[in-house]
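One structure below.
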């Protein structure tokens, strides 16, 4: 296949047209999907997120110079591959959690770093556990409209960070949550900058506050697409008005270059609530690329 201009409407679909690989062996950066949405408390549909994100990523893969405005193509610096989806759990949370954790363990055992496409946000919990097993307790950089720290013995897409703090996977004093626009009765030690705080804080200042909070601790970056206002990301399970726009999110992310971001995910795109323009999947695909560039930059430190 030519490395020149690629039409976005033809050819095989993989994330950013990176090679489809059987495993992460030999890769620096691996992309993995988790098509699961049975832990939602609102509208289901994020099981189709990995497919929708991959499809809209083709609009960026058209160019051989990389994703604007990063200034380089990831393949020019790293060996990158799309290793497909974690499967085999069908409708069972109790099967999904260990399956995702084992798949992430297998990726990191090869020395590769991992970007995961969701799926509802509960998939982040097994991913965090796998990353913490390799890197130690993690700082969490969390973009979302919801805190996901509700206290409950059950694990769903609103409780998993409570469990991650409780079991020591997350270090709350080095963790930060941005964009919250629903009640948050218990912050559990994390710094919470809500949606109003984001709207009044310039991106570079917000990135500075993230850096100050996290320091040099290994960090996991998770981005729920409902961090964005529904005007920019309507196709998600629990949209909340009053959020930042896509440009703001990207400006904050790019300003985190140089942090020790060891892994990340982009979750909660539910494409079948989308109109023909597929703007939510496009936003998810673009933000996922920004996270992948951050993980790559961390490997280059």
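The values are calculated or read from the model by the stated rules, or taken from the named source; none is laboratory data. Every value quoted in this text rests on a predicted model; they were computed, and no experiment measured them. A quick note on method: Cβ atoms are made from the backbone with ideal geometry, for glycine too, and the neighbour counts reach across all protein chains shown.
Checking residue 48 against (1) under 22 Å from residue 120 (Cα atoms); (2) part of a loop (DSSP other than H, G, I, E, B), only one condition comes out false. Which one?
Failing condition for residue 48: (2).
I'd like to verify a number: residues in region 54-81 that are over 20 Å from the mean Cα position of the chain (by Cα), more than 15 Å from residue 30 (Cα to Cα) and in contact (Cβ under 8 Å) with a residue 24 or more places away in the chain, how many?
Total satisfying the criteria: 3.
Among the residues of region 166-204, how many are in contact with a helix residue (DSSP H, G or I) (Cβ under 9 Å, 6 or more places away or on another chain) and not in a helix (DSSP H, G or I)?
21
Just checking, does region 140-152 include any residue being buried (at least 16 other Cβ atoms within 10 Å of the Cβ), free of Cβ contacts under 8 Å to residues at least 40 places away in the same chain, closer than 26 Å to residue 14 by Cβ and within 19 Å of the chain's Cα centre (by Cα)?
Among the residues of region 140-152, not one is buried (at least 16 other Cβ atoms within 10 Å of the Cβ), free of Cβ contacts under 8 Å to residues at least 40 places away in the same chain, closer than 26 Å to residue 14 by Cβ and within 19 Å of the chain's Cα centre (by Cα), which makes the answer no.
State all residues of region 189-199 that are without any contact (Cβ under 8 Å) to a residue 40 or more places away in the chain and buried (at least 17 other Cβ atoms within 10 Å of the Cβ); if no residue qualifies, say none.
Initial filter on region 189-199 (without any contact (Cβ under 8 Å) to a residue 40 or more places away in the chain): 189, 191, 193-194, 197.
The answer is 191, 193, 194.
Inside region 145-160, can you point out the residues that are modelled with pLDDT of 85 or more and either under 25 Å from residue 290 (Cα atoms) or not in a loop (DSSP other than H, G, I, E, B) (or both)?
145, 146, 147, 148, 157, 160
I'd like to check something: does region 133-144 contain any residue that is under 21 Å from residue 237 (Cβ atoms) and either modelled with pLDDT under 95 or assigned to a helix (DSSP H, G or I) (or both)?
no
Checking residue 233 against (1) surrounded by fewer than 24 Cβ atoms within 10 Å (Cβ to Cβ); (2) farther than 27 Å from residue 135 by Cα; (3) under 20 Å from the mean Cα position of the chain (by Cα), which test does it fail?
The one condition residue 233 does not meet is (1).
For region 22-39, state whether one or more residues are part of a helix (DSSP H, G or I), modelled with pLDDT of 90 or more and either over 21 Å from residue 112 (Cα atoms) or touching a helix residue (DSSP H, G or I) at 6+ places or on another chain (Cβ under 6 Å) (or both). If you could, list the steps in order and put the result at the bottom.
Restricting attention to region 22-39, the residues satisfying the condition of being part of a helix (DSSP H, G or I) are none.
No.
Filter region 241-254 down to residues that are in a loop (DSSP other than H, G, I, E, B) and surrounded by fewer than 19 Cβ atoms within 10 Å (Cβ to Cβ) and give me whichever is nearest to the chain's Cα centre (by Cα).
Checking each candidate, the answer is 245.
Could you list, in sequence order, the residues of region 82-107 that are under 22 Å from residue 296 (Cβ atoms) and free of Cβ contacts under 8 Å to residues at least 40 places away in the same chain?
Of everything in region 82-107, just one residue is under 22 Å from residue 296 (Cβ atoms) and free of Cβ contacts under 8 Å to residues at least 40 places away in the same chain, namely 105.
Against the conditions (1) at pLDDT 95 or above; (2) in contact with a helix residue (DSSP H, G or I) (Cβ under 8 Å, 6 or more places away or on another chain); (3) not in a strand (DSSP E or B), where does residue 208 fall short? Just the number, please.
Here residue 208 clears every test but (2).
Per-residue answers, yes or no, for (1) touching a helix residue (DSSP H, G or I) at 6+ places or on another chain (Cβ under 8 Å); (2) at pLDDT below 95:
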position	(1), (2)
90	no, yes
97	yes, no
100	yes, no
109	no, no
117	yes, no
125	yes, no
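Could you identify the single residue in 202, 218 that is exposed (fewer than 14 other Cβ atoms within 10 Å of the Cβ) and modelled with pLDDT of 95 or more?
202
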